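First up is the structure itself, then whatever we jot down about it.
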Amino acid sequence: MEVLSTKDEFLQSLERCGQNEGFMPMFYARFNSSSDLVKERFQKTNFEQQNSKMMSCLRMVAGVSNNEAEALCELRKRAQTHGPEHLNISPELFELWHRTLVSVVAEVDPHWNEGLKKTWDTTLHSVTAHMIKNR
Ligand code: HEM
């Protein structure tokens, strides 16, 4: 059996989730109801646009586990927009973002298993660490 890299395993899982139209709406519904601090930040958001921005961003950051330039560049940009001078998202909310996203993928990806949990945790841990470090 072909052994996939963490990046490819992440990307394939993401695309399986993306086949389900409910994936991003489920994520934002759950993220918003997880904390009033989150909910208040998304009051004026156009979620149709936000859903597709988040999907593209996740595709771009998939290579973070290999320190790929595209992933690091995207994360620096997102860290800036989420940092103190712009959205000013507090670091503890990133852990909540990570946990919420994994909980939704676990329900939406039909191939979900322990190995995929590891892949998502490893990738999202690097993603959030870069966001926090560069803000
Ligand atoms: C590593 C985790 C995260 C990633 C990859 C991410 C990604 C993005 C992207 C791609 C956008 C659209 C472009 C931009 O404004 O930069 C965005 C917007 C936004 N994000 Fe995040 N985000 C993350 C975590 C969070 C967290 C923890 C919050 C907490 C509430 C948050 C709140 C927001 C808000 C309020 C917007 C603007 C929405 C609007 O346009 O109304 N994000 N995020």
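What follows draws every value from the coordinates through simple rules; no lab data is involved. Because the structure is a prediction, the values reported are computed rather than measured. Reconstructed Cβ throughout: ideal geometry from the backbone, glycine too, with neighbour counts over all protein chains shown.
Normalised radius of gyration for the range 1-93, please: alpha carbon Rg relative to 2.2 N^0.38 Å, two decimal places.
1.20
Run the dipole for the range 10-75 about the Cα centre, Lys and Arg Cβ at +1, Asp and Glu Cβ at -1, nothing else charged, and hand back the magnitude in debye, nearest 20.
My answer is approximately 200 debye.
Test of the criteria: in the range 37-91, which trypsin sites (Lys or Arg not before Pro) are in a DSSP loop and have at most 13 other Cβ atoms within 10 angstrom of their Cβ?
Answer by residue number: LYS44.
How much net charge surrounds HIS111 when only the other residues with a Cβ under 10 Å from the Cβ of HIS111 are counted, with Lys and Arg +1 and Asp and Glu -1?
Taking every Cβ under 10 Å from that of HIS111, the sum is -1.
If we count every other residue with Cβ under 12 angstrom of GLN12's Cβ, Lys/Arg +1 and Asp/Glu -1, where does the sum land?
-2
Please report how many Lys pairs in the range 6-134 have alpha carbons closer than 21 angstrom, counting only residues at least 8 apart along the chain or sitting on separate chains.
8
Relative to the Cα centre, what is the charge dipole magnitude of the range 6-134, using +1 at the beta carbon of each Lys and Arg, -1 at the beta carbon of each Asp and Glu, and rounding to the nearest 20 debye?
Dipole size: approximately 260 debye.
Taking 0.36 nm per intervening residue step and subtracting the Cα-Cα distance, what contour gain separates GLU92 from GLU15 on full extension?
Gain in length upon complete extension: 25.0 nm.
If I stretch the segment between GLU70 and MET55 completely, what's the gain in nm (0.36 nm per residue apart, minus their alpha carbon distance), one decimal?
Gain on extension, GLU70 to MET55, equals 3.9 nm.
If I model a spin label as a point 7 Å beyond the Cα along the Cα-Cβ vector, how far apart are those points for ALA29 and LYS117 in nm?
2.4 nm
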